[in-house]
Structure formats: C-alpha cells, structure tokens
Amino acid sequence: MHCLWSVVAVVVLECITPASAQVQSINRTVSGQPDTDIRVGVYVNVRPDCTSGPLPSIQLTSPPENGKVTVKKAKVTATNYKQCLALEVPAFVAFYRSRADFVGVDVLTLEVKLPGGKTEVQRISISVGSGSPGRGT
C-alpha cells in the first residue's frame, strides 16, 4: 500500500532526540461514507538523515461505538520534505469503518507513543455519511 505524501492528512514525525515523557492531547475530525475505510491517521518516523526510525506504538484507548478501527502497515513516499529530497519510509496507517447503516458522528481515542518518550492522545471525531468524503484536520 502506498500513501502519497501530498494526500496524507495526518503525519506524526518524530526525530530521535532525548525528550522527557510528555503527553499532548490532539483533537481532529475526518469524514467519509458508511461502510468504507476512512483514514484517520498516518504514523511515520523520519530521522534527520532521511532514514526511517522505529515506528510508534498505537493503542485504541476508547473504541468507536458504531464502527471498528484497524491499523495497516504501509509505505509513505515523500519528496522535498525538509532536507530529504526523496524518501520512502514504513508507516502505520489507521482506518475507521462504520457499520453499513450508520450515519452520524462517531468518536475514538488513540494513544500514540513516539520514540523518545512523547505520547499523543488523539481524540478523533468521524463524520459519517454527511456530505462528501474529506480529509482530516
């Protein structure tokens, strides 16, 4: 599976540097159609030398009420990212899929532990079936 950098809605990049354990809360929204995979997150680790570092760990701490979450391994291709003119790195991509009959807003929470000690608690609201599919904010 290839995800083009230009269409990646959410990318978590972590350089390997010493950091004290810190937790950051993030709220995001995405939208899509019922019973289809809706991308809710893309997680990579690009080092300053343009190589891939260890991927973060991802835990579903609050599941959605009207669907399910899956994480797939993928490759992200990027050009002209900081000092990296071209790169292809492994990634985790998180998807949400609602029940076929669900229309409305569903919510899930992911805990993303990044190399170096930083933790993000991501609360993601998914608007299902209300208009055209869109990317996250």
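The values are calculated or read from the model by the stated rules, or taken from the named source; none is laboratory data. Because the structure is predicted, anything quoted here is derived from the model rather than measured. Don't worry about glycine lacking a Cβ; one is built from the backbone with ideal geometry, like all the others, and counts go over all protein chains shown. Just the protein is used for accessible areas: all its heavy atoms, side chains included, with ligands, DNA and RNA removed. Shrake-Rupley method; radii C 1.70, N 1.55, O 1.52, S 1.80 Å.
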How about region 102-130: which of its residues are exposed (fewer than 15 other Cβ atoms within 10 Å of the Cβ), modelled with pLDDT of 95 or more and not in a strand (DSSP E or B)?
103
Selection from region 83-101 of residues that are open to solvent by 20 Å² or more (accessible area, probe 1.4 Å) and of a type in the set (Gly, Ala, Ser):
86, 100
Restricting attention to region 63-73, does a residue exist that is surrounded by fewer than 15 Cβ atoms within 10 Å (Cβ to Cβ) and farther than 20 Å from residue 29 by Cβ?
yes
Say whether the condition of being surrounded by fewer than 18 Cβ atoms within 10 Å (Cβ to Cβ) and at pLDDT 95 or above is met by at least one residue in region 36-47.
yes
As an exercise: evaluate residue 76 against (1) open to solvent by less than 10 Å² (accessible area, probe 1.4 Å); (2) in a loop (DSSP other than H, G, I, E, B) and give the number of the one condition it does not meet.
(2)
Looking at region 7-24, can you tell me whether even one residue there is in a strand (DSSP E or B), modelled with pLDDT under 95, farther than 20 Å from residue 129 by Cα and within 12 Å of the chain's Cα centre (by Cα)?
yes
